[in-house]
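Q: Got a structure for you, questions after.
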Amino acid sequence: ELNLHRNAGDGTKVLGIDCSGFVFTAFATAGLRMQKNRTLKALDVYSWGSGSYVDPESNGLSCFSRITLSEGESVRAGDVIAKQGHVLMIDEVGMDPFGLSNAKDRSSCSSLRASGFDFSIIQSSNSKNGIGINRFKASDYFLPGEGMTAGVESYAVAACLAKFDKKNHTLKSSDFSILRHSEIPECRDQRVALTDESCVQACVQL
């Protein structure tokens with residue numbers, strides 16, 4: 001079992017679980033493997049740090065691939081956003097997640113900013129006065145000049161270009177990535193349980 005009442009990864013006694021430990025837990029409790037044909041084990045919560053998700057091909061994350069942006073395809077709930085030092089998940093996605101309606105033509109794609117995003121993220125981090133697992137609107141989380149903002153805005157620009165060019169775009173950076181789990185049979189397994197899971201399920205307000 002995974003025990004979120006204790007430290008996991010590099011989490012502190014306050015956090016309980018760090019960012020990569022949380023992302024692993026989200027997939028493991030859904031029965032989704034990190035590597036093809038590798039049995040899910042709770043102990044693997046220590047196996048992949050945040051930087052591993054930036055370059056999945058080189059770090060054994062064979063059940064993940066960088067997202068491809070197309071005219072009709074953008075980010076989805078469950079996608080992973082990663083940079084060196086932090087990783088988080090997309091939680092909920094609106095009708096226009098990157099705010100592409102704000103770009104009236106191809107030349108205005110470069111002006112897209114996170115303030116126009118319509119999705120939410122979920123993470124485990126003490127950033128922005130959060131403690132442990134917390135949720136933010138992307139437009140509030142990705143602020144100018146901070147952490148992941150430039151990376152996620154580059155994906156918005158690529159999605160916009162894909163819309164106007166009607167061509168697929170896949171970004172490959174050594175600093176930032178947005179990934180998606182394949183969910184193919186080789187990447188599915190029995191889910192990993194959480195300690196005191198029945199207690200959590202009893203919290204109807206969630």
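Q: Mind checking which lysines have their Cα closer than 20 Å to the Cα of Lys128? Skip sequence neighbours fewer than 8 apart in that chain.
A: Filter leaves Lys13, Lys83, Lys137.
Q: If you roll a 1.4 Å probe over the stretch 122-179 with all protein chains in place, what percent of the accessible area is carbon or sulfur?
A: Values: 1510 of 2950 Å².
Exposed carbon and sulfur together represent 51 percent of the surface.
Q: How large is the direction-averaged shadow of the alpha-carbon convex hull of the stretch 82-177, in nm²?
A: Working: hull surface 24.6 nm².
The orientation-averaged projected area of the Cα hull of the stretch 82-177 comes to 6.2 nm².
Q: Could you work out the pair-distance distribution P(r) of the stretch 154-206 from its alpha-carbon pairs, with 10 angstrom bin width and percents rounded to whole numbers?
A: Histogram of Cα-Cα distances, whole percents per bin: 17, 23, 24, 23, 13, 0.
Q: OK, next. Over all distinct alpha-carbon pairs, what is the Kirkwood Rh of the stretch 1-117 in angstrom?
A: On the way: mean 1/r = 0.0625 Å⁻¹.
In the stretch 1-117 this quantity evaluates to 16.0 Å.
Q: Continuing with this model, one more query. Report, in whole Å, the centroid distance computed from the Cα atoms of the stretch 168-192 and the stretch 71-139.
A: Going from one Cα centre to the other spans 17 Å.
Q: Kindly write out, for the stretch 78-88 in residue order, the coupling ³J(HN,Hα) from the Karplus curve 6.51 cos²θ - 1.76 cosθ + 1.60 (θ = phi - 60°), rounded to whole Hz, with x marking Gly and Pro.
A: x, 5, 10, 10, 9, 9, 4, x, 7, 9, 8
Q: Follow-up. Taking amide H positions as placed 1.01 Å from N in the peptide plane, with prolines and chain starts having none, which residues 5 or more places from Ala103, or on another chain, fall under 5 Å of its amide H?
A: none
Q: What angle do you read, to the nearest 10 degrees and between 0 and 90, between the alpha-carbon axis of helix 149-165 and the longest principal axis of the chain?
A: Tilt of helix 149-165: around 50 degrees.
Q: Rounded to the nearest 0.05, what FRET efficiency do Gln201 and Leu143 have when you use their Cβ-Cβ distance and R0 = 41 Å?
A: Numbers: r = 35 Å, r/R0 = 0.85.
So the FRET efficiency works out to roughly 0.75.
Q: Also: Along the charge dipole of the chain, pointing to its positive end and built from +1/-1 on Cβ of Lys, Arg, Asp and Glu, which listed residue (Ser120, Thr170, Val93) has its Cα farthest out?
A: Farthest towards the positive pole: Thr170.
Q: What translational diffusion coefficient, to the nearest whole µm²/s, does the stretch 64-117 have by Stokes-Einstein, given a Kirkwood radius computed over alpha-carbon pairs, a temperature of 20 °C and 1.002 mPa s viscosity? All intermediate terms of the calculation are to be shown ahead of the outcome.
A: Details: Rh = 12.7 Å.
In µm²/s, the coefficient rounds to 169.
Q: Under a plain spin-label model, where a point goes 7 Å from the Cα along Cα-to-Cβ, how far apart in nm are Asp175 and Ala150?
A: Distance between label points: 0.3 nm.
Q: What Cys residues in the chain are without a partner cysteine, judged by a Cβ distance under 4.7 Å?
A: By the Cβ distance rule, which asks for a partner under 4.7 Å, the isolated cysteines are Cys19, Cys199, Cys203.
Q: Moving to a separate point now. In the chain, if the dipole is taken from +1 on Lys/Arg beta carbons and -1 on Asp/Glu beta carbons about the Cα centre, which of Val192, Phe24, Gly51 is farthest to the positive end?
A: Gly51
Q: Still on this structure: For the chain, take the longest principal axis of its alpha carbons; what is the angle in degrees between that and the long axis of helix 19-28, to the nearest 10 within 0 to 90?
A: 80
Q: Same structure, new question: Of all the accessible heavy-atom surface of the stretch 1-121, with the other protein chains kept in place and a 1.4 Å probe, what percent is carbon and sulfur? Walk me through the numbers before you get to the answer.
A: Numbers: 2520 of 5560 Å².
After summing per-atom areas, the C and S share lands at 45 percent.
Q: Here is a further query. Tell me the relative contact order for the chain as a rounded percent, counting alpha carbon contacts under 8 Å between residues six or more apart. Before the final figure, lay out each step's value.
A: Values: 409 pairs, mean separation 60.5, N = 206.
The normalised contact order for the chain reaches 29 percent.
Q: Excluding ligands, DNA and RNA, what is the solvent-accessible area per residue of the chain at a probe of 1.4 Å, expressed in Å²? If you can, show how the numbers build up before the last one.
A: Details: 10560 Å² over 206 residues.
About 51 Å² of surface per residue is accessible.
Q: Suppose R0 equals 41 Å. What FRET efficiency, 1/(1 + (r/R0)^6) with r the Cβ-Cβ distance, do Ser111 and Ala193 give to the nearest 0.05? Spell out each step's value before the answer.
A: Values: r = 47 Å, r/R0 = 1.14.
So the FRET efficiency works out to roughly 0.30.
Q: Taking the chain as the region of interest, what is the percent of Cα-Cα pairs per 5 angstrom bin, listed from the shortest bin to the one with the maximum distance?
A: Result returned by the calculation: 1, 8, 15, 19, 19, 16, 11, 7, 3, 1, 0.
The values are calculated or read from the model by the stated rules, or taken from the named source; none is laboratory data. Here the structure is a predicted model, which means the values were calculated and not measured. Methodologically, a virtual Cβ is constructed for each residue, glycine included, from the backbone with ideal geometry; neighbour enumeration extends over all protein chains shown. Just the protein is used for accessible areas: all its heavy atoms, side chains included, with ligands, DNA and RNA removed. Shrake-Rupley method; radii C 1.70, N 1.55, O 1.52, S 1.80 Å.
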